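Chemist: The structure's right below; bear with me while I get my questions together.
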Amino acid sequence: MITHAVTVSFNEAAETDRYRLIVFNRGGTAVILEHCASGYRLPVIEIPKFSRAAGAICEALRNRWRMPAILLFSTMVENTPEAAWAAILECQADTPRADEGMTWVPIREARATLGDREASALEASHAKCTSVVTGEDGEPFSRLGWFDGLKDWVRTMQPSGAELKGFEQMNGSESFSLIRFDTTRGSIWFKAVGAPNSHELPITMKLARLFPTYVPRVLGEHPKYQGWLMEGACGAVLSELGTVSGWNRAAGALAELQIESIDHTPELRESGCRDLRLGNLFGLVDPFLDLMTELMLKQTRVSPARLTRSELLELGVEVKDALTYLSALEFPDALGHSDSNPGNIIVGAGKCTFLDWAEACVGHPLMTFEYLLSHLRKDFEPLSQFESAIRSTYSRRWEAFVPAQEIAEAFRFTPLIAVFAYACSGETWRNQERLRLPQVPAYLRSLTRRMKHEADLLRKRTGTWSN
């Protein structure tokens, strides 16, 4: 099924996902097909498993076919390992070319020559991307032609004197889009968010107004697409920088941003930031661990061992006591980020820029720093020996608000509370439909075991501390 003309090669040991490609021309009147012994078939491409499909597929088309394209959506073709998914794209070339062994075929002819399964996938995909929606469109990026309209809008929003040179789709689906536009004056980014992350738009606009030093500058808002255009941040991604100085600068900047946010927490909550204040977390302990009691009983695997009901009851007491201890230290609530990781931080000359605020929250500030430290320990082992120094950089910024001794005391309890807050930060554990997916209960069980591990470590460090 795969020819050398369209297959992207990777390390043979790497796992890949296979996609049938349905690439329409700009008018949606033709689709590119691959020649085969029986006539035509949809080309198949392989991309690394767990990669961003839109970015990987579009990059492959640029490199192998020299074809600029935009992914509209993907769909399941068949529930088998053999190219179970189809990727539907729109070619962005005015005069599209076909690589050796490929040809552009009119839609009607393509339907007649393809096998039943591929013809059905082509027909359904063509109907979806050419459909006309009246009123609010929850899947605006699945329609042919949307990208032309976006480019026209970007030209009106881009910095004065800049001209578009090219683009690269980094991620995308029917309701989500992340595209980098290259201009004569640097890169600008378009991001659009649909359900379930539509709250990221008002959060981003609020942060851009309140804390312009720490987030990308917004050039314009696109309400129809629930999107915005922003300047690219100058500097290196912290995850790629790999230096102690970079981590120290990121830690200090995070503390400074959080300190600036203290007086703005009410409006941050109103903008859509999740409310993870300690009092609210206290009220979630019993319902969350009641659910985990049920999910532990449903575990079918012998290893890792289930947590018993008595262990979960004890864990609940320990989490509540840790929350009570933290509350007594009277840290101010501040802006937080439940997905604080080095891939979301740009370290530049004189400033750090924080990205991707879909998981923004208001709560105890040290939880966000704990998430960042967990990535340091897990993914940057050579740098983890400097954790104490990085922690000190963060802590010193807070000493104007909280005594150093109380900061150190708070750090005893935040590893446990950070895991609990992360588990509760979304609505996944309340969503019965999501809980029917086997991987979701398994993930929640793993987080609960991590909570138990942190509670055990806390007890060993401090003796019997819970009431």
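Chemist: Using a 1.4 Å probe and counting only protein heavy atoms, arrange Glu267, Glu118 so the residue with the most accessible area comes first.
Modeler: Glu267, Glu118
Chemist: Considering only protein heavy atoms, with the full assembly of protein chains and a 1.4 angstrom probe, order Tyr422, Tyr225 by accessible area, largest first.
Modeler: Sorted by accessible area, descending: Tyr422, Tyr225.
Chemist: Against the longest alpha carbon principal axis of the chain, how many degrees, from 0 to 90 and to the nearest 10, is the axis of helix 116-129 turned?
Modeler: The answer is roughly 70 degrees.
Chemist: Would you compute, for the Cα atoms of the range 75-146, the largest minus smallest coordinate along each principal axis and list the three values in descending order, in whole Å?
Modeler: 40, 35, 21
Chemist: Heavy-atom accessible area of Arg434 with all protein chains present, probe 1.4 Å, nearest 10 Å²?
Modeler: Accessible area, nearest 10 Å²: 100 Å².
Chemist: For the range 340-391, with equal point scatterers placed on the C-alpha atoms only and solvent neglected, what are the log10 I(q)/I(0) values from the Debye formula at q = 0.19 1/Å, to two decimals?
Modeler: Log10 of I(q)/I(0), two decimals: -0.75.
Chemist: Separate question: Residue by residue through the range 140-150, what is 3J(HN,Hα) from phi via Karplus (6.51 cos²θ - 1.76 cosθ + 1.60, θ = phi - 60°)? Round to whole Hz and write x for glycine and proline.
Modeler: x, 8, 9, 9, 4, x, 4, 5, 4, x, 5
Chemist: Please give, to one decimal in nm, the separation of the simple spin-label points placed at Thr462 and Arg180, each 7 Å out from Cα toward the Cβ.
Modeler: With each label placed 7 Å out from Cα toward Cβ, I get 4.4 nm.
Chemist: Also, quick follow-up: Give me the net charge of Gln92's neighbourhood, meaning all other residues with Cβ under 15 Å from the Cβ of Gln92; Lys, Arg count +1, Asp, Glu -1.
Modeler: +1
Chemist: While we're looking at this one, here's another question. Answer rounded, prolate or oblate for the range 276-347, using the Cα gyration tensor with square roots of eigenvalues a ≥ b ≥ c: rounded when a/c is under 1.5, else prolate when a/b is larger than b/c, else oblate.
Modeler: Here the range 276-347 falls in the oblate category.
Chemist: Shifting gears a bit: So what is Rg over Rh here for the range 327-467, counting just Cα atoms and using Kirkwood for Rh?
Modeler: Numbers: Rg = 16.3 Å, Rh = 16.8 Å.
With Rg and the Kirkwood Rh in hand, the quotient comes to 0.98.
Chemist: Could I ask something else about it? For Phe380, Phe386, write out the residues from largest to smallest accessible area, computed with a 1.4 angstrom probe and no ligands counted.
Modeler: Sorted by accessible area, descending: Phe386, Phe380.
Chemist: Let me ask another. On alpha carbon coordinates alone, what is the Rg over Rh value for the range 215-277, Rh being the Kirkwood radius?
Modeler: 1.05
Chemist: Relative contact order (percent) for the chain, with alpha-carbon contacts under 8 angstrom and 6 or more residues of separation?
Modeler: 12
Chemist: Roughly how many whole Å is it from the C-alpha centroid of the range 201-219 to that of the range 317-351?
Modeler: Value for the Cα centre distance between the two parts: 20 Å.
Chemist: What relative contact order, as a whole-number percentage, does the range 203-248 give when Cα pairs under 8 Å and 6 or more residues apart are counted?
Modeler: The normalised contact order for the range 203-248 reaches 22 percent.
Chemist: Restricting the calculation to Cα positions, tell me the Rg (one decimal) and the Dmax (whole number) of the range 173-304 in Å.
Modeler: Looking at the range 173-304, its Cα Rg and Dmax stand at 19.6, 60 Å.
Chemist: Now for a separate question. What is the distance in Å between the Cα centroid of the range 290-306 and that of the range 117-158?
Modeler: 44
Chemist: Size of the range 316-364 along its principal axes in angstrom, Cα-based, largest extent first?
Modeler: Sorted largest first, the three principal extents are 44, 20, 14 Å.
Chemist: Here is a further query. Which far-off residues, 5 or more places away or on another chain, put their amide H under 5 Å from the one on Phe73, with H placed in the peptide plane?
Modeler: HN-HN under 5 Å from Phe73: Ile88.
Chemist: Per residue of the range 65-77, what does 6.51 cos²θ - 1.76 cosθ + 1.60 with θ = phi - 60° give for ³J(HN,Hα)? Whole Hz please, x for Gly and Pro, Karplus curve as stated.
Modeler: Those phi angles translate into 9, 6, 10, x, 8, 10, 6, 8, 5, 10, 8, 7, 9 Hz.
Chemist: Now a separate question. According to the Kirkwood expression over distinct Cα-Cα pairs, how big is the hydrodynamic radius of the range 404-467, in Å?
Modeler: Answer for the range 404-467: a Kirkwood hydrodynamic radius of 13.3 Å.
Chemist: Calculate the dipole size of the chain relative to its Cα centre from +1 charges on Lys and Arg beta carbons and -1 charges on Asp and Glu beta carbons; express the result in debye to the nearest 20.
Modeler: The dipole magnitude comes to about 400 debye.
Chemist: Pull up all non-local amide H partners of Gly145: gap of 5 or more, or a different chain, and H-to-H distance under 5 Å with H placed in the peptide plane.
Modeler: none
Chemist: Quick one: accessible surface of His126, probe radius 1.4 Å, all protein chains present, in square angstrom to the nearest 10.
Modeler: Counting only protein heavy atoms, the figure is 30 Å².
Chemist: What do you get when you divide the Cα radius of gyration of the range 356-415 by 2.2 N^0.38 Å, with N the number of residues?
Modeler: Scaled against compact globular proteins, the figure is 1.18.
Chemist: Step through the residues of the range 291-297 one at a time and calculate ³J(HN,Hα) from phi using the Karplus curve (6.51 cos²θ - 1.76 cosθ + 1.60, θ = phi - 60°), rounding each to whole Hz and writing x for Gly and Pro.
Modeler: Using θ = phi - 60°, the values come out as 4, 5, 4, 5, 5, 5, 5 Hz.
Chemist: Starting from the Kirkwood Rh over alpha-carbon pairs, what translational D in µm² s⁻¹ does the range 42-181 have by Stokes-Einstein at 4 °C and 1.567 mPa s?
Modeler: On the way: Rh = 16.5 Å.
D = 79 µm²/s.
Chemist: Roll a 1.4 Å probe over the protein heavy atoms and report the accessible area of Tyr371 in Å², nearest 10.
Modeler: Here the residue's solvent-accessible area equals roughly 30 Å².
Chemist: Then there's this: Run the accessible area of the chain with a 1.4 Å probe and give the carbon-and-sulfur part as a rounded percent.
Modeler: Whole-percent figure for carbon plus sulfur exposure: 50.
Chemist: Binned at 5 Å from 0, what are the whole-percent values of the Cα-Cα distance distribution for the range 27-98, short to long?
Modeler: 3, 13, 24, 28, 20, 10, 2, 0
Chemist: Using only the Cα atoms of the chain, what semi-axes does the equivalent ellipsoid have when each is the square root of 5 times a gyration tensor eigenvalue? Give whole Å, largest first.
Modeler: 45, 28, 20
Chemist: On average, how much accessible surface per residue is there in the chain, in Å², for a 1.4 Å probe, leaving out ligands, DNA and RNA?
Modeler: That works out to 47 Å² for each residue.
The values are calculated or read from the model by the stated rules, or taken from the named source; none is laboratory data. This structure is a prediction, so every number in the text was calculated from the model and none was measured. Quick reminder, even Gly has a Cβ in these numbers, built from the backbone with ideal geometry, and neighbours come from all protein chains shown. With ligands, DNA and RNA removed, areas are computed over all heavy atoms of the protein, side chains included. Shrake-Rupley method; radii C 1.70, N 1.55, O 1.52, S 1.80 Å.
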